[in-house]
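Colleague: The structure's right below; bear with me while I get my questions together.
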Amino acid sequence: MRFSLWTSTEPAWPDLLARARAAEAAGLDGVWVADHFMPNDEHRAAPMLECFSVLAGLAAAVPRVRLGSLVAGNTYRHPAVLANAAATIDQMCGGRFVLGLGAGWQQNEHDAYGIELGSVTERIDRFAEACQVVTALRDQPRSTFEGQHYRLVDAPMEPKPTGRLPLLIGSSGPKRMAALVARWADEWNTWGTPELFAEKGAHVTRALHEAGRDPATLTRSTQAL
């Protein structure tokens, strides 16, 4: 079992950097950063730094731990733009970056910035395509993709990541999202108590078996709240 630090971006940059360096000095495995622009309340008062800018700074300033988004909201950025940002950060940190991605959920951010959230079904449809876009750009020299939401035409992503650039999927759903984890994810993260984590994990394990994939090939994690 490995332990990591997970942080919001509410602290000022010097404090965030101090947290990450303390985690590294303590021997933790990684530093994970939430992807939000405002608190999930009616006041929207607390300032928040942008997730991937923070991760780029940590890539240069914190030399040992794994770094990742936990998790990026798919609705906020085109997945090809996100994949290029992730590959760049992976170059900066020497192959330690993990791209954590989820379907998106926080209503007040979408309302404030005029970003379409959509129904759960629409979000999962977009997310399924985003996983294909990200992994195609990561794994292929050139990528062409024609979906309902995203389109690539002989698209490069150079330079490639230095490391594997694992795709971590953050999800809770027992059916469609579990199937997407089984199909695309190198790692999986979900919220919950130990009991709920076990319950959600059983759905993912079932989806892995249905996909013909060894459950041992999926790294799993949760937050201790």
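The values are calculated or read from the model by the stated rules, or taken from the named source; none is laboratory data. Note that the coordinates shown come from a computational prediction; the quantities given were computed from them, not determined experimentally. Reconstructed Cβ throughout: ideal geometry from the backbone, glycine too, with neighbour counts over all protein chains shown. Accessible surface is based on the protein model in full, side chains and every heavy atom, while ligands, DNA and RNA are left aside. Shrake-Rupley method; radii C 1.70, N 1.55, O 1.52, S 1.80 Å.
Colleague: Go ahead and collect, in residue order, the members of the stretch 41-59 whose backbone nitrogen is under 14 Å from a label point 7 Å along the Cα-Cβ direction of Gln223.
Modeller: 41
Colleague: Could you sort the peptides 174-184, 53-63 by per-residue average Cβ neighbour count (10 Å cutoff), highest mean leading? Don't jump to the answer; show the numbers that get you there.
Modeller: Working: 174-184: 20.5, 53-63: 18.0.
Descending packing order for the listed peptides: 174-184, 53-63.
Colleague: To continue, here is another question. Just the number, please: carbon plus sulfur as a percent of the accessible area of the chain, 1.4 Å probe, no ligands or DNA/RNA counted.
Modeller: Numbers: 6040 of 10850 Å².
Answer for the chain: carbon and sulfur cover 56 percent of the accessible area.
Colleague: I've got another one for you. Give me the number: length gained by fully extending Ala26 to Val81, i.e. 0.36 nm times residue separation minus the C-alpha to C-alpha distance, one decimal in nm.
Modeller: Working: separation 55, 0.36 × 55 = 19.80 nm, distance 3.37 nm.
Gain on stretching Ala26 to Val81: 16.4 nm.
Colleague: What's the center-to-center distance, using Cα atoms, between the stretch 101-148 and the stretch 55-73 in Å?
Modeller: Using only Cα atoms, the two centres lie 21 Å from each other.
Colleague: Return one whole number: the accessible area per residue of the stretch 117-195 in Å², for a 1.4 Å probe.
Modeller: Ligands and nucleic acids excluded, the result is 49 Å² per residue.
Colleague: Turning to a different aspect of this structure: Ala198 to Glu116: extension gain in nm, 0.36 nm per residue of separation minus the Cα-Cα distance? The partial results should precede the final answer.
Modeller: On the way: separation 82, 0.36 × 82 = 29.52 nm, distance 3.26 nm.
Difference between extended and current length: 26.3 nm.
Colleague: Bin by bin, in steps of 5 Å, what percent of the Cα pairs in the stretch 185-225 do you find, going until the bin that has the longest distance?
Modeller: The calculated distribution, bin by bin, is 6, 24, 34, 21, 12, 3, 1.
Colleague: With each pseudo-label sitting 7 Å past Cα toward Cβ, what's the Glu42-Ser172 distance in nm, one decimal?
Modeller: 2.2 nm
Colleague: Kirkwood hydrodynamic radius, the stretch 66-218, all distinct C-alpha pairs: what's the number in Å?
Modeller: Working: mean 1/r = 0.0625 Å⁻¹.
For the stretch 66-218, the Kirkwood estimate is 16.0 Å.
Colleague: Just to check I understand the Karplus step: with θ = phi - 60° and J = 6.51 cos²θ - 1.76 cosθ + 1.60, what whole-Hz values come out for the stretch 206-216, glycine and proline as x?
Modeller: Each residue's phi maps through the Karplus curve to give 4, 5, 5, 4, 5, 7, x, 10, 5, x, 5 Hz.
Colleague: What range in the chain is the longest one free of GluC sites (Glu not before Pro) that are in a loop by DSSP and have at most 13 other Cβ atoms within 10 angstrom?
Modeller: Values: sites that count: Glu42, Glu116.
Answer - 117-225.
Colleague: Here is a further query. Go through Thr9, Ala23, Met177 and say which Cα lies farthest out towards the positive end of the charge dipole of the chain; charges sit on Cβ, +1 for Lys and Arg, -1 for Asp and Glu.
Modeller: Positive-end residue among those listed: Ala23.
Colleague: Which value at 222 nm does the chain reach when only helices count, each DSSP H run of 4 or more adding -39,500 (n - 2.57), with the total divided by all residues and rounded to the nearest 500 deg cm²/dmol? It would help to have the intermediate numbers written out before the result.
Modeller: Working: 7 runs with 92 residues, N = 225.
Using -39500 (n - 2.57) per qualifying helix, the result is -13000 deg cm²/dmol.
Colleague: Shifting gears a bit: Give me Rg over Rh for the stretch 85-166, both radii from the alpha carbons and Rh done the Kirkwood way, two decimal places.
Modeller: On the way: Rg = 14.5 Å, Rh = 14.1 Å.
My calculation of the ratio gives 1.02.
Colleague: Among Ala45, Leu82, Trp188, which residue has its Cα furthest toward the positive end of the charge dipole of the chain, with +1 on Lys/Arg Cβ and -1 on Asp/Glu Cβ?
Modeller: Trp188
Colleague: With only Lys, Arg, Asp and Glu charged, each at its Cβ (+1 for the first two, -1 for the last two), find how big the charge dipole of the chain is about the Cα centre; round to the nearest 20 debye. It would help to have the intermediate numbers written out before the result.
Modeller: On the way: 22 positive and 25 negative charges, 130 e Å.
Dipole magnitude for the chain comes out near 620 debye.
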